[in-house]
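Nothing in this text is a laboratory measurement; each read-out follows from the coordinates by a stated rule. This structure is a prediction, so every number in the text was calculated from the model and none was measured. Backbone-built Cβ (ideal geometry, glycine too); neighbour counts: all protein chains shown.
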Amino acid sequence: MPLRKFSQLVSVLLVEKITVDIWSDIVCPWRHLGKRRFDLALAGFERADDVDVRLRAFELDPHGRPDDPRTTPERMRDDLGMTPQQAAAGLRRITAMAADAGLDYHLDRARPVNSFDAHRLVQYAASAGVGDRVQDRLLRAFTSEGVNIADRGELVRLAAEAGLDADAAARMLAGDAHADDVRADEELGRRVGVSGVPTFLVGGRFLLAGAQPVEVFADALRRAGEQDATP
């Protein structure tokens, strides 16, 4: 076989990894649902081992208070001008959608506080190889348990439950480690057009906003895989 043709054949066989960048905020109830649907799509993807998921930070409310006592329904009324009935109807809708995906939401007690430290913790966890587990634990704490995820003591507890060393997590949170990483993620998100969360950039090509259906994520993964395999 001529050398050139052999090289072309190798380039077809040696496919690269498929990157998936996910911008999200812990205090967004759509994030947990979107992550579950993406995880279901990934579990059914034949090239799942070739997918490299990169967790990216995005703050819905960068100026939010870490000690804000208001719950999600109260914020919907205060910030969005919804009536109590409208807020309740909206939360019933997303709760039912979450239940269909196997999630147990209790957004009546969720507190959308400042999420900057939570993002730093996820970045730290990712560097230790447990970013996905820590983010999952934080999402469950927010959507189901009413935990204040701006409270550093709670963050340490949740991190330890997800497999991080509690003392190391506490030391990290006491300083400013990974603050630059969070800001870099936010800047990158602005450059690629992220305006809300969750947003998924699949294969560096397909930008999907929101908690898309499982089949939409599955199709994006398949198409990204096909493009990655193109010589």
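With +1 on the Cβ of every Lys and Arg and -1 on the Cβ of every Asp and Glu, and nothing else charged, how large is the dipole of the range 15-228 about its Cα centre, in debye rounded to the nearest 20? Walk me through the numbers before you get to the answer.
Working: 29 positive and 37 negative charges, 96 e Å.
In debye, rounded to 20, the range 15-228 gives about 460.
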Value at 222 nm in deg cm²/dmol, rounded to 500, when DSSP H runs of n ≥ 4 in the chain each add -39,500 (n - 2.57): -17500 deg cm²/dmol
Karplus 3J(HN,Hα) series, Hz, for the range 192-203 with 6.51 cos²θ - 1.76 cosθ + 1.60 (x for Gly, Pro): 8, x, 6, 10, x, 9, x, 10, 10, 9, 9, x
Square roots of five times the Cα gyration tensor eigenvalues for the chain, Å: 34, 21, 15
Sorted on mean Cβ neighbours within 10 Å (highest first), peptides 54-65, 167-178, 146-157, 16-27 come out as 16-27, 146-157, 54-65, 167-178
How big is the gap, in Å, between the Cα center of the range 58-131 and the Cα center of the range 173-231? 20
Got a sec? Charge dipole of the range 15-228, +1 on Cβ for Lys and Arg, -1 for Asp and Glu; which of L80, P62, A118 is way out at the positive end? L80
In sequence order, what are the phi-derived ³J(HN,Hα) couplings for the range 99-115 according to the Karplus relation 6.51 cos²θ - 1.76 cosθ + 1.60 with θ = phi - 60°, rounded to whole Hz, with x for glycine and proline? 4, 4, 9, x, 10, 10, 8, 9, 6, 5, 10, 5, 10, x, 8, 4, 10
What share of the DSSP beta bridges in the chain is antiparallel, in percent to the nearest 5? 55
The Cα extents of the range 176-220 along the principal axes, largest first and rounded to whole Å, are 39, 17, 17
I need the phi-derived Karplus couplings for the range 42-51: 6.51 cos²θ - 1.76 cosθ + 1.60, θ = phi - 60°, integer Hz, Gly and Pro marked x. 5, 4, x, 8, 5, 10, 4, 5, 8, 8
Sequence gap at least 6, Cα distance under 8 Å: using those rules, report the relative contact order of the chain to the nearest whole percent. 33
